[in-house]
1. Search the range 90-101 for residues that are over 13 Å from GLU49 (Cα atoms) and pair each with any residue that is modelled with pLDDT of 95 or more and among the polar types (S, T, N, Q) when their beta-carbon atoms are under 8 Å apart and the residues are at least 6 apart or on different chains.
2. Output the residue which, of all residues in the range 16-40 that are over 26 Å from ILE82 (Cβ atoms) and not aliphatic (A, V, I, L, M), is farthest from the chain's Cα centre (by Cα).
Amino acid sequence: MNHQNGRKKLNLKSGHRKALLRNQTIHFIKFGFLQTTKAKVKEVQRFTEKIITVSREGYNFNTIRRVKQILPYDDAAVKKLIQEIAPKYVNRPGGYTRVIPLGKRPSDTATIARLEWV
């Protein structure tokens, strides 16, 4: 049994993990894809889908405040997320991203995956 299973810790301390997820989410919002290890992609996917659900409400003060609380580093990414990306998913109940497996990395045989918008 897998009681109270939380999120992956990615072998990082909590502050570093939070910064990693925020920075990779910002990269994903800016460029439309993210290519890294499968574990990181899955965590970024969870993080991003929650942010999209919040930002679907539209471009108003409360939405901007809530998204900036989650992604405080980059105002341009927040603006792009709320004005361009989130309106595409207003009628979609979830599943805004997809994970595409890319095989193993040659150097250390880590499983690589790509995260994209649906």
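The values are calculated or read from the model by the stated rules, or taken from the named source; none is laboratory data. Here the structure is a predicted model, which is why all the values come from computation and not from measurement. Here the Cβ is made from the backbone with ideal geometry for all residues, glycine too, and neighbour counts use every protein chain on show.
1. Qualifying pairs under 8 Å: PRO101/THR111.
2. The selected residue is HIS16.
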